[in-house]
Amino acid sequence: MKKDGIALYYIVKEKLLDMIDEGKYTPGEQFPTESDLCEKFGVSRTTIRQALSQLKLEGHIYQIQGKGTFVSLPKIEQSVAPYRSFNEHLKGRGQQIDTEVVDLTVVSADKRLTKKLEIAENDPVFRLERIRYADGLPLLFSITYIPWKVTPGLTKEECSGSLYALMREKFSIQLSHCVESIEPILIDEAISKHLSAPIGAPSLLLNTVTYSTGNIPVEYSHEIFRGDRAKFTFERKL
């Protein structure tokens, strides 16, 4: 059944999304049951399930087995332009930022790292794993590679804040620009544990190479954002 060429489930989904945006259903609040929504919109249970499935896929609602459906927290917006660090961006929005350093080791550069960081094979490289929290909830899991010569003697304690600020202030590195790519992925078992998100949930993978002046790569990172908690915005000059 369609209206003006638009699938009925999509119309219902958009109306529900409007109600969430308007605050009629607030974050953490239990969502109406399928039966209640069928009655409210005068549509079939199949239509409601399709609408709810789309809202869940987009991260607007989530389900707890045996308890029901709930409204998700608003997605945290991360701008990829202009060039700002994670800490700088979210602190500018008044959000509480916390970092858990999972691991810091030194590895030998393989062919992939030699290409990304423009260093010699087997050169020592810091491999840093961190979980970043926004307002107490896990937002992203990151794996970062930094050549030893860029931050010699780096310690776990120093990695709990902004790496960009650390590079500038302690190691006198003048950051220039970064090159980023974004792609959708599904959360696997390992990432699921780090981000407290279900296996197979949609997420966003941000790959970044950061450069200092002289176009020298100083950092290569993978950041996996929970798809239900993050979105990216782009600004282009026309």
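A short reminder: the numbers here are calculations on the coordinates, not readings from a lab. Bear in mind that the values here come from a model prediction, so they are computed numbers and not experimental data.
Work out from phi, with θ = phi - 60° and the Karplus expression 6.51 cos²θ - 1.76 cosθ + 1.60, the ³J(HN,Hα) of each residue of segment 123-138, listed in order in whole Hz, and give x for Gly and Pro.
4, x, 9, 6, 10, 10, 10, 9, 10, 10, 10, 10, 6, x, 10, x
Which residue, Gly214, Gly28, Gly200, has the most motion in a Gaussian network model of the chain that connects Cα atoms within less than 10 Å?
Between Gly214, Gly28, Gly200, it is Gly214 that shows the largest mean-square fluctuation.
How big is segment 1-72 along each principal axis, measuring the range of its Cα positions in Å and listing the largest first?
On the principal axes, segment 1-72 reaches 34, 24, 21 Å in Cα extent.
What number, rounded to the nearest 500 deg cm²/dmol, is the helix-based mean residue ellipticity at 222 nm of the chain, given -39500 (n - 2.57) per DSSP H run of at least four residues and division by all its residues? List each step's numbers first, then the result.
Values: 7 runs with 63 residues, N = 238.
Counting only the DSSP helices, I get -7500 deg cm²/dmol.
Can you work out the Karplus-derived ³J(HN,Hα) for every residue in segment 30-37? Use 6.51 cos²θ - 1.76 cosθ + 1.60 with θ = phi - 60°, whole Hz, and x for glycine or proline.
6, 7, x, 6, 4, 5, 4, 6
Would you compute the Debye intensity of segment 103-202 from its alpha-carbon atoms alone, equal scatterers and no solvent, and pass along log10 I(q)/I(0) at q = 0.17 Å⁻¹ to two decimals?
Those come out to -0.96, one per q.
Cut-off 10 angstrom, C-alpha nodes, Gaussian network model of the chain. Which of Ser221, Ser44, Ser142 fluctuates the most?
Ser44
So what J values fall out for segment 157-170 if you push phi through Karplus, 6.51 cos²θ - 1.76 cosθ + 1.60 with θ = phi - 60°, rounded to Hz, Gly and Pro as x?
In residue order, the calculated couplings are 4, 6, 9, 7, x, 6, 5, 4, 5, 4, 4, 5, 7, 8 Hz.
Quick one: the Cα spread of segment 158-238 along its three principal axes, in angstroms, biggest first?
Sorted from largest, the Cα extents of segment 158-238 read 41, 40, 17 Å.
Restricting things to Cα coordinates, could you compute the convex hull volume per residue of the chain in Å³? Walk me through the intermediate numbers first.
On the way: hull volume 40.0 nm³, N = 238.
Taking only Cα atoms, the chain has a hull volume of 168 Å³ per residue.
Just report the Cα centroid separation between segment 1-74 and segment 179-193, whole Å.
26
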